[in-house]
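These notes concern the structure reproduced below.
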Amino acid sequence: MKKTALYDVHVALGAKMVPFAGYEMPVQYTGVNVEHECVREGVGVFDVSHMGEFLISGPGALPLIQKVTSNDASTLTIGRAQYSCMPNGKGGIVDDLIVYKIKDEQYLLVVNASNMEKDWNWISSHNSFGAEMRDLSDEYSLLAIQGPKAVEAMQSLTSINLSEIKYYHFEVADFAGIEHVIISATGYTGSGGFEIYCKNSEVKQVWDKVFEAGADFGIQPIGLAARDTLRLEMGFCLYGNDIDDTTSPLEAGLGWITKLNKEDFIDKDFLSKQKEAGVSRKLVAFEMVDRGIPRHDYRILSESGDVIGKVTSGTMSPSMKVSIGLGYVETAYSSVDSEIFVEIREKPVKAKVVKLPFYKK
């Protein structure tokens, strides 16, 4: 198992460590609900240094990214980031990722930890453009400082105005006494905040100063379990659960990052035809009407007991105190307010399809 640069810090804080995507990661410190609420109401910090970072440079960088991703990276200006996915040539998804335009002809791709090797090999195999590729994953750390108090709590650590960084924009600036840190207004919680990219050798200093600056704001370290409940309340897809090599971006509700009007990219023809014909199943959000917690791979049934799909993610929502889930269902059952049933311990339990996000500020 690999360890992040902050492994010893998490252990000293009493974190429960678990294997995740090849790393020993903190799943929780004080408890999922407490940590979840800390991010929704105040400010919390995740060590997500297991994520992968690829630097793509040179005149061939944009053509390569355009070929392998579904979104239109040509619209990016320096200091902007874009959510995207990589179609797999068979109608599925290799991975979802964020593309950052660092400067002209230089982009940072941030990919899921569990897919690093797969993604690198996939992008490399399509690099007929002579783009320079560097895998920085083992050299860089990533902290997600999330919550409505993040801007105020962290402002003393940088000379730039944090409140001026718009969602999905970033600055390369000083932070916590380190020069040239990427401060990005991205995150996976729906509660605002920043993601900080720095070198492994710098992250301990950053972590310490972040907790010093956030002390008056009730800052806490947050584990992966709360990261999952937070993202699920927003309806954000998790690779390996809600999207994978067998799910198309259109089925997953990711049509908004699938720009069929851009020049050729992997699966463009397939996805164009799929859009025209309509999908046979859709990823939906649902709330349980009757008691029961939906879990990954539970079957979804119609009222008459036919299997119409399966749950991809589910939990008891800490913010709303109701059971929520995501799952694929036949398109006929995908409209809001449709009644569906989740099979829990061999019994059908009533649920209804709802509009995302589950959690509304």
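Here, each number is a calculation from the coordinates, and none is a lab measurement. All figures in this text were calculated on a predicted structure; none of them were measured in a lab. Using ideal geometry, Cβ is built from the backbone for each residue, glycine included, and neighbour counts are taken over all protein chains shown.
Structure data summary
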quantity: Amide H contacts of MET25 (H built 1.01 Å from N, under 5 Å, at least 5 apart or other chain); calculated: VAL18, PHE20
quantity: Net charge of Cβ neighbours under 13 Å - reference SER128; Lys, Arg +1; Asp, Glu -1; calculated: 0
quantity: Amide proton proximity set for ASP244, modelled H, under 5 Å, gap of 5+; calculated: ILE93
quantity: Using a Förster distance of 22 Å, the FRET efficiency for LYS118-ASN241 (Cβ separation, nearest 0.05); calculated: 0.85
quantity: The stretch 272-283 - phi-based ³J(HN,Hα) in whole Hz, Karplus 6.51/-1.76/1.60, Gly and Pro as x; calculated: 4, 5, 5, 5, 5, 6, x, 7, 8, 9, 9, 7
quantity: Efficiency of FRET between THR30 and ARG299 - r from beta-carbon atoms, R0 35 angstrom, step 0.05; calculated: 0.50
quantity: Cα-centre dipole for the chain with unit charges at Cβ (Lys and Arg positive, Asp and Glu negative), debye to 20; calculated: 760 debye
quantity: Fully extended contour minus Cα-Cα distance, from LYS360 to VAL18, at 0.36 nm per residue; calculated: 120.0 nm
quantity: When each of LYS3/LYS118; LYS321/LYS361; LYS282/LYS321 is checked by Cα-Cα distance, pairs over 24 Å; calculated: LYS282/LYS321
quantity: The chain: radius of gyration over Cα atoms, expressed as a fraction of 2.2 N^0.38 Å; calculated: 1.00
quantity: Förster-model FRET efficiency, 30 Å R0, ASN161 and GLN205, C-beta, rounded to 0.05; calculated: 0.85
quantity: Estimated distance in nm for a label pair at PHE270 and LYS103, the labels positioned 7 Å out from Cα along Cα-to-Cβ; calculated: 3.7 nm
quantity: Whether the stretch 52-135 is rounded, prolate or oblate, judged on the alpha carbon gyration tensor where a/c under 1.5 counts as rounded; calculated: rounded
quantity: Value at 222 nm in deg cm²/dmol, rounded to 500, when DSSP H runs of n ≥ 4 in the chain each add -39,500 (n - 2.57); calculated: -5500 deg cm²/dmol
quantity: Leading residue at positive end of dipole, the stretch 280-361 (Cβ point charges), from SER313, TYR359, PRO294; calculated: TYR359
quantity: Per-residue ³J(HN,Hα) for the stretch 39-48, Karplus 6.51 cos²θ - 1.76 cosθ + 1.60, θ = phi - 60°, Hz, x for Gly and Pro; calculated: 6, 5, 9, x, 8, x, 10, 9, 8, 10
quantity: Separation of the ARG291 and SER125 label points, Cα + 7 Å toward Cβ, nm; calculated: 5.0 nm
